[in-house]
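Asks: Okay, handing you the structure first.
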């Protein structure tokens, strides 16, 4: 299947075919950048291509998908390395890692021997660790590793300031695949200090929305529900599994702390009807087949500085409507 990034393949390859090659690729979710670009880069440089992902689950699942796509065994031609897991070896040409693993690689040997390119994926999910890693890799390229290629990929980040920082670099933009989407906003209740609805819990609202949408769906269809965290997912799962009208539906959680087996179970392709309860980890990098309905709770768990207490706290807050 031809993906949007294939339309700009020549530009991508030309950008990384030279020493000190730098590429800034802006491509929306679903364009194929995470699964296709690493192979393009590998074809234009000597050495291993290290692909940096913001989450362990994304690194693991993408490595499995790309290995299957390239017809190689996981851990051979394509592998991954995250905290407490390493499926790679001397033959690994494309290695998916988290930014923490890249930092460890830089500490172990700052010159990254054997690495031909570093690809920063989903860079719009800005974190201090990824910013520091990018700065160190650029410094390495400008000093002792002019043969190192650097690629930064983003779905939504404003590229102006980043391009100035990466100069000299090539900016390439790829389009996305468009599908007809109908958006319905349901009434919202009051949200209390801790982010939870004062009159109705978020899992009750989710259950009502799922029951309403499930009536029109058929075998093989998926309902994807975004919830702020593991607690809300487990409460929703317990509630949905006891709804008589949803007995023929499989309810699967999806978040980073799940075992790889449970994550694959949520993403497997078959004829079953499935409700997938996920955190925002499923918004990017992970492709879920068969999704017909997306229900967004409108809440996210995020860290913020508590002025009264003098330290960071993790709470549930509302997201902007534009982000839903």
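Asks: Please find, within the stretch 1-35, the residue that is modelled with the highest pLDDT out of those that are buried (at least 21 other Cβ atoms within 10 Å of the Cβ), touching a helix residue (DSSP H, G or I) at 6+ places or on another chain (Cβ under 8 Å) and assigned to a helix (DSSP H, G or I).
Replies: Step by step, filter the stretch 1-35, then rank; the result is 12.
Asks: Right, next: Please tell me if residue 212 is modelled with pLDDT of 90 or more and outside the structural domain of residue 26 (by TED's automatic domain parsing).
Replies: So residue 212 passes the test.
Asks: Regarding residue 77, is this residue more than 25 Å from residue 132 (Cα to Cα), in the same structural domain as residue 152 (by TED's automatic domain parsing), in contact with a helix residue (DSSP H, G or I) (Cβ under 7 Å, 6 or more places away or on another chain) and at pLDDT below 90?
Replies: When the stated conditions are applied, residue 77 does not pass them.
Asks: Condition check: in the same structural domain as residue 101 (by TED's automatic domain parsing) and in a loop (DSSP other than H, G, I, E, B). Does residue 132 satisfy that?
Replies: Here the answer is no, as residue 132 does not meet what is asked.
Asks: Continuing with the same structure: State yes or no: is residue 269 within 27 Å of residue 28 (Cβ to Cβ), more than 18 Å from the chain's Cα centre (by Cα) and either at pLDDT 85 or above or buried (at least 19 other Cβ atoms within 10 Å of the Cβ) (or both)?
Replies: It is true that residue 269 is within 27 Å of residue 28 (Cβ to Cβ), more than 18 Å from the chain's Cα centre (by Cα) and either at pLDDT 85 or above or buried (at least 19 other Cβ atoms within 10 Å of the Cβ) (or both).
Asks: Quick one: would you say residue 309 is assigned to a loop (DSSP other than H, G, I, E, B), assigned by TED's automatic domain parsing to the domain that holds residue 235 and at pLDDT below 90? Please lay out each step first, then the result.
Replies: On the way: assigned to a loop (DSSP other than H, G, I, E, B): yes; assigned by TED's automatic domain parsing to the domain that holds residue 235: yes; at pLDDT below 90: yes.
Yes.
Asks: Restricting the stretch 150-171 to residues that are touching a helix residue (DSSP H, G or I) at 6+ places or on another chain (Cβ under 9 Å) and part of a helix (DSSP H, G or I), which is farthest from residue 117 (Cα to Cα)? Step through it out loud before you land on a result.
Replies: First, pick out the residues of the stretch 150-171 that are touching a helix residue (DSSP H, G or I) at 6+ places or on another chain (Cβ under 9 Å): 150-155, 165-166, 169-171.
In the following step, the residues that additionally are part of a helix (DSSP H, G or I) were identified as 165-166.
Values: 165: 18, 166: 15 Å.
Per the stated criteria, the residue is 165.
Asks: Considering only strands (runs of 3 or more DSSP E) fully contained in the stretch 200-304, which possess at least 2 residues that are touching a helix residue (DSSP H, G or I) at 6+ places or on another chain (Cβ under 9 Å) and within 22 Å of residue 184 (Cα to Cα)?
Replies: 222-226, 273-278, 291-296
Asks: Working only within the stretch 209-223, note down all residues that are loosely packed, with under 12 Cβ neighbours inside 10 Å and under 11 Å from residue 293 (Cα atoms).
Replies: 216
Asks: Scanning for something touching a residue at least 24 places away in the same chain (Cβ under 8 Å), surrounded by fewer than 18 Cβ atoms within 10 Å (Cβ to Cβ) and assigned to a helix (DSSP H, G or I), does the stretch 78-89 turn up at least one residue?
Replies: So in the stretch 78-89, the residues touching a residue at least 24 places away in the same chain (Cβ under 8 Å) come out as 82-83, 85, 87.
From the residues that got through so far, the ones that are surrounded by fewer than 18 Cβ atoms within 10 Å (Cβ to Cβ) too are 83, 85.
Subsequent filtering for residues that are assigned to a helix (DSSP H, G or I) retains none.
So far as the stretch 78-89 goes, no, none of its residues is touching a residue at least 24 places away in the same chain (Cβ under 8 Å), surrounded by fewer than 18 Cβ atoms within 10 Å (Cβ to Cβ) and assigned to a helix (DSSP H, G or I).
Asks: Shifting gears a bit: Within the stretch 129-149, which residues are touching a helix residue (DSSP H, G or I) at 6+ places or on another chain (Cβ under 6 Å) and either free of Cβ contacts under 8 Å to residues at least 24 places away in the same chain or under 21 Å from residue 14 (Cα atoms) (or both)?
Replies: 148
Asks: Go through the residues of the stretch 53-62 one by one and say whether even a single one is in a loop (DSSP other than H, G, I, E, B) and either touching a strand residue (DSSP E or B) at 6+ places or on another chain (Cβ under 9 Å) or assigned by TED's automatic domain parsing to the domain that holds residue 169 (or both).
Replies: yes
Asks: How many residues does the stretch 48-69 hold that are surrounded by fewer than 17 Cβ atoms within 10 Å (Cβ to Cβ) and either over 20 Å from the mean Cα position of the chain (by Cα) or without any contact (Cβ under 8 Å) to a residue 24 or more places away in the chain (or both)?
Replies: Count: 1.
Asks: Then there's this: Of all residues in the stretch 239-266, how many are over 24 Å from the mean Cα position of the chain (by Cα) and without any contact (Cβ under 8 Å) to a residue 24 or more places away in the chain?
Replies: 4
The values are calculated or read from the model by the stated rules, or taken from the named source; none is laboratory data. As the structure is a prediction and not an experimental result, all values here were calculated from the model. Using ideal geometry, Cβ is built from the backbone for each residue, glycine included, and neighbour counts are taken over all protein chains shown.
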